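Q: I am attaching a structure below and will ask some questions about it afterwards.
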Amino acid sequence: MRLKGRKVVGGYAEGEALVSVDPVSFYGGVDPETGVVVEPGHAVEGECITGKVFVFPTGKGSTVGSYVIYRMKKLGTAPAALINAETEAIIATGCVISEVPLVDRVEGELFQVLRTGQWVRVDADDGFIDISDRPR
């Protein structure tokens, strides 16, 4: 299945999807050393985002979150790509300085179509997201 979205930060990445229905704060919500979501009560609390295509509605919290994404990139714990329903400045800035592909405003019902565990290819340059059950 192919979906079309808006390029926020270009690039190409692929990996297993981790889908959250909750907004994400990288500052205090994600441990940059391990890549694990640590926010209590979060929909994906305890899950590791390292190397995954992390899908969530939008960011929240402190502007320091941008630098947490950058730190994760330097530590090798960053997600492969991000997909948002609507990207806000904190997430966009973090992805720009970290060169993490980012797409948002995806056509259709993103959270009904995309499921955790599916394989996702993100061509952020052209705004395409390809979804399959396993890597090809």
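Q: Of all residues being free of Cβ contacts under 8 Å to residues at least 60 places away in the same chain and not in a strand (DSSP E or B) in the range 81-90, which is surrounded by the most Cβ atoms within 10 Å (Cβ to Cβ)? Just the residue, please.
A: Per the stated criteria, the residue is ALA85.
Q: Here is a follow-up. Report whether or not THR50 is out of contact with any Gly (no Cβ under 7 Å at 6 or more places or on another chain) and not hydrophobic (A, V, I, L, M, F, W, C).
A: Values: out of contact with any Gly (no Cβ under 7 Å at 6 or more places or on another chain): no; not hydrophobic (A, V, I, L, M, F, W, C): yes.
Considered against the rule, which asks whether it is out of contact with any Gly (no Cβ under 7 Å at 6 or more places or on another chain) and not hydrophobic (A, V, I, L, M, F, W, C), THR50 comes out as no.
Q: While we're looking at this one, here's another question. Inspect the range 33-42 for any residue being within 14 Å of VAL120 (Cβ to Cβ) and hydroxyl-bearing (Ser, Thr, Tyr) and give the result as yes or no.
A: Initially, the range 33-42 is screened for residues within 14 Å of VAL120 (Cβ to Cβ), giving none.
So far as the range 33-42 goes, no, none of its residues is within 14 Å of VAL120 (Cβ to Cβ) and hydroxyl-bearing (Ser, Thr, Tyr).
Q: Follow-up question, since we're still on this one. In this structure, is ILE69 touching a Lys or Arg at 6+ places or on another chain (Cβ under 9 Å) and in a helix (DSSP H, G or I)?
A: Numbers: touching a Lys or Arg at 6+ places or on another chain (Cβ under 9 Å): no; in a helix (DSSP H, G or I): yes.
Against the criterion (touching a Lys or Arg at 6+ places or on another chain (Cβ under 9 Å) and in a helix (DSSP H, G or I)), ILE69 does not qualify.
Q: Same structure again: Does the range 37-50 contain any residue that is within 10 Å of the chain's Cα centre (by Cα), under 19 Å from TRP119 (Cα atoms) and not polar (S, T, N, Q)?
A: Checked the range 37-50: at least one residue is within 10 Å of the chain's Cα centre (by Cα), under 19 Å from TRP119 (Cα atoms) and not polar (S, T, N, Q).
Q: Can you pull out every residue in the range 91-136 that is in contact with a strand residue (DSSP E or B) (Cβ under 9 Å, 6 or more places away or on another chain), assigned to a loop (DSSP other than H, G, I, E, B), among the charged types (D, E, K, R) and on the phi < 0 side of the Ramachandran plot? Let's see the steps before the verdict.
A: Applying the first criterion (in contact with a strand residue (DSSP E or B) (Cβ under 9 Å, 6 or more places away or on another chain)) to the range 91-136 yields 91-92, 94-96, 98-108, 110-111, 113-136.
Retained after the next criterion (residues that are assigned to a loop (DSSP other than H, G, I, E, B)): 99-101, 105-108, 114-118, 124-127, 133-136.
In the following step, the residues that additionally are among the charged types (D, E, K, R) were identified as 99, 105, 107, 115, 125-126, 133-134, 136.
Listed by number, the residues that qualify are GLU107, ARG115, ASP125, ASP126, ASP133, ARG134, ARG136.
Q: In the list ILE49, ILE97, which residue meets the criterion of being farther than 29 Å from ARG134 by Cβ and not small (Gly, Ala, Ser)?
A: Details: ILE49 fails: farther than 29 Å from ARG134 by Cβ.
From the options ILE49, ILE97, the qualifying one is ILE97.
Coordinate-derived values only; no laboratory data. This structure is a prediction, so every number in the text was calculated from the model and none was measured. Note that we place each Cβ from the backbone using ideal geometry, even for glycine, and neighbour counts take in every protein chain shown.
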